[in-house]
Amino acid sequence: MVASQDGILVGLAMALIKWPVVLPLAASVLYILFKNAPAAPESVQNFFKDFNVGGHRGSPLRQPENTMASMDQAKAEGADLIEFDVALTKDGVAVILHDDTLDRTTNLTGPIRQYLHKDLTSVNCAAKFTPLAINGPSTPVTNASMPTLEEIVIWAKKNNMKMLFDVKDSDAILVDQLNKLFDQYKLHADGIVCSFFPIVIYRIKKLCPQILTGLTWRRWFYSHTDLESRIPRFSGPAHYLAVALDVLNVWGIKSWLPGFLGADMVLTERSEISQVFIDQQRAYDRRVCAWTVNDLNELNWMRQTLNIPVLTDKPFLIEQIGKPIKA
């Protein structure tokens, strides 16, 4: 009996000794087996060679965000790409809306997932819009419908604008719709799909490796709702679990996660941008794009010195990039 117990203890000791070797070995095997390949280098190069400054939700300080008027404004101000947020209605129609609810930007209230698309005929996406108090060439619209994803795609193709699809819904239905739209409208040279959620990027790449994808990130995304990290998403133990997830997420983004997903770009919150980070990503043939850059000095630094594309709420500043800044 004693000998049997000794054998068990020896076996456990040997397993513990080997465990530090087994874990990374197993992780490496799983990484290789399940990792996605990025898009072809020539496809990535062709997309980014004409992508310099993108309008974040169009030109949201001069026209209501994520509306056709905002996209028109961004184009008129010199943006070569439009970024927009994709959400799903109750009946699975992809529409353009940033928030989970309609409250902040429209005349309706409640989660978008509680509305059928036909119930949105009365929605006014300009209802709560206050334009930036600057002199501009256009008059803000006072009534704006909520575009469908397909309407935005058709507009972008017609106007020769590149597209950044910001997907905040991990629903497989939306992933399938995106794949079909890319095929139907031949968007592979014109669009990139980005998301904070790795599962979205993984599913897109697994479904269609030719679609360009970007992993969006900011520090403390999972634990806080705001950029300043002052408003927790959760309370109690859930908050600390989210903080731990954020730590792991940042570590993953700076090491293995984009490569595993097959991401072609890392869409990075502006305060995390540095030459070191850009060089690290370029070493893996990944592009870096900064969001959301609204200061002219910072725009100049990122475009002129770092040579990376940016998203901005102020595409009207594009004409000033590279010019002397008045004191």
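For Asn66, the shell of other residues with beta-carbons less than 11 Å away shows a net charge of -4, using +1 for Lys and Arg and -1 for Asp and Glu. Between Ser138 and Asp171, the distance separating the two model label sites (each 7 Å from Cα on the Cα→Cβ line) works out to 2.9 nm. Think of it as helices only: each DSSP H run of n ≥ 4 in the chain is worth -39500 (n - 2.57), and spread over all residues that comes to -11000 deg cm²/dmol at 222 nm.
Local charge sum around Ser271 (other residues, Cβ-Cβ under 12 Å, Lys/Arg +1, Asp/Glu -1)?
Value of the local net charge: -2.
Given +1 at the Cβ of Lys and Arg, -1 at the Cβ of Asp and Glu and no other charges, the dipole of the chain around its Cα centre is 320 debye to the nearest 20. Summing charges over neighbours of Phe129, with a neighbour being any other residue whose Cβ is under 12 Å away from its Cβ, gives +3 when K and R count +1 and D and E count -1. One quarter of the convex hull surface built on the alpha carbon atoms of the chain amounts to 21.8 nm², the projected area averaged over directions. Between Lys323 and His117, the C-beta separation translates, for a Förster distance of 35 Å, into a calculated FRET efficiency of about 0.20.
So which lysines can Lys254 reach, going by Cα to Cα under 19 Å and dropping same-chain residues fewer than 8 places off? Excluding near neighbours in sequence, the set is Lys35. At full extension, Leu241 and Val29 could sit 73.6 nm farther apart than now, given 0.36 nm per residue minus the alpha carbon distance.
The trypsin sites (Lys or Arg not before Pro) found in region 163-202 that occupy coil by DSSP, while having at most 14 further C-beta atoms within 10 Å, are Lys186. Annotation: amide H-H contacts under 5 Å for Arg233 (H modelled 1.01 Å from N, sequence separation of 5 or more, or interchain): His224, Thr225.
If R0 equals 30 Å, the separation of the Cβ atoms of Asp103 and Ile154 corresponds to a calculated FRET efficiency of about 0.60. Of all DSSP beta bridges confined to the chain, the antiparallel ones make up roughly 15%.
So for the chain, averaging the separation of alpha carbon pairs under 8 Å that are six or more residues apart and normalising by length, what relative contact order in percent results?
19
Taking all C-alpha pairs of region 205-327, those more than 23 Å from each other amount to 42 percent.
Computed from the coordinates by the stated procedures, all read-outs in this text should not be read as laboratory data. This one's a predicted model, so the numbers in the text were calculated from it and none came from an experiment. Heads up, the Cβs are rebuilt from the backbone with ideal geometry, glycines too, and the neighbour counts pull from every protein chain shown.
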